[in-house]
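Input: a single structure, listed below in structure tokens.
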Amino acid sequence: MSDFAAVLSTLRRVRGLSPFFALDLGRPSDDWLPGADLLDGPALPRTLDAIAERYRTGERRVAASLFFLSYTARLLCPTAAAHAVEGVAPDIRPGNLWWHYGPDGLRVRIDRADPGVGIAESLEPVVEAVRAVVPVARGLLWGNAASSIAGALKTVARSGTAPAEHCVAVGEHLLSEPPLKGTGDFIPFPGEVAFRRRSCCLYYRLDGGGTCGDCPLPTR
């Protein structure tokens with residue numbers, strides 16, 4: 001099987017788990033932007049401003065965290081699931097992406113069904129691009145990525161696609177190297193994927209917001 005076919009086969013296998021696992025392929029309509037626009041130019045600052053307005057927050061670091069949390073959820077759900085089903089993960093580097101932010105939130109898709117590289121290498125340019133716009137902590141952003149990985153693996157396990165013990169082992173492997181190392185811990189719990197991160201995504205800073213299930217802060 002070619003690399004292209006292997007990536008497609010994996011994406012088809014996991015896309016039905018939830019909408020976050022459905023990663024579409026190919027160039028979309030004209031209102032989408034290439035991934036390179038995340039790294040340079042006005043598109044990312046404008047998007048963070050739109051998120052801040054949408055969620056009625058004057059804290060741009062909160063908007064930056066919400067953007068990256070959504071970005072990693074859209075990309076790392078299918079990527080983590082690919083590892084869990086022993087498939088071929090897609091290339092999710094900015095150079096292989098299209099993205100769009102609108103009334104339905106952030107949407108992403110890949111341009112080509114190429115096999116991916118490591119998660120850290122794929123996300124690092126976007127982490128630095130976000131931090132160039134808003135001085136948000138690196139640990140917070142990488143904690144968002146870890147949370148997305150753990151949440152994806154929990155869904156995989158609960159769906160019966162792969163055993164929970166296997167999903168935990170996959171998660172521990174994916175989080176074993178910097179900058180993801182130290183972002184959180186998988187908690188032993190029979191038949192379940194349980195995770196506690198070591199940073200907070202700041203969702204509680206929004207009006208009506210609270211703490212997430214994997215948050216290290218006390219429940220609010």
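Read-outs: derived from the displayed coordinates by stated rules, not from any lab. In this text, all values refer to a predicted model and were calculated from it rather than measured experimentally. Positions of Cβ are generated from backbone atoms using ideal geometry, with glycine treated the same way; all protein chains shown enter the neighbour counts.
The table for this structure:
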item	result
Of the trypsin sites (Lys or Arg not before Pro) in segment 1-59, those whose Cβ has at most 14 other Cβ within 10 Å and which sit in DSSP loop	ARG56
Order of CYS201, CYS77, CYS212 under a 10 Å beta carbon neighbour criterion, fewest first	CYS212, CYS201, CYS77
In segment 93-140, trypsin sites (Lys or Arg not before Pro) in a DSSP loop with at most 16 other beta-carbon atoms within 10 Å	ARG112
Label corresponding to Rg/Rh (Cα atoms, Kirkwood Rh) when calculated from the structure given, among (i) 0.95; (ii) 1.22; (iii) 1.00	(i)
Unit charges on C-beta of K, R, D, E only; dipole of segment 1-107, Debye	280 debye
Student exercise, the chain dipole from Lys, Arg, Asp, Glu Cβ charges, in Debye to nearest 20	560 debye
Listed residues ILE110, LEU202, HIS173: farthest to the positive end of the dipole of the chain (Cβ charges)	LEU202
Cα shape, segment 71-116, gyration tensor, a/c 1.5 rule	oblate
Stokes-Einstein D for segment 1-79, Kirkwood Rh over Cα pairs, 10 °C, 1.306 mPa s (µm²/s)	109 µm²/s
Distance between segment 160-220 and segment 1-78 - C-alpha centres, whole angstrom	20 Å
Separation in nanometres of the label points that stand 7 Å from Cα toward Cβ, at ARG56 and ALA5	5.4 nm
Residues SER29, SER70 arranged by fewest to most Cβ contacts within 10 Å	SER29, SER70
Fewest-first ranking of LYS181, LYS154, using other Cβ atoms within 10 Å as the exposure measure	LYS181, LYS154
Selection from LEU48, VAL88, ALA129, by position along the positive dipole direction of the chain (Cβ)	LEU48
Given charges at beta-carbon only (K, R positive; D, E negative), |dipole| of segment 103-220 in Debye	340 debye
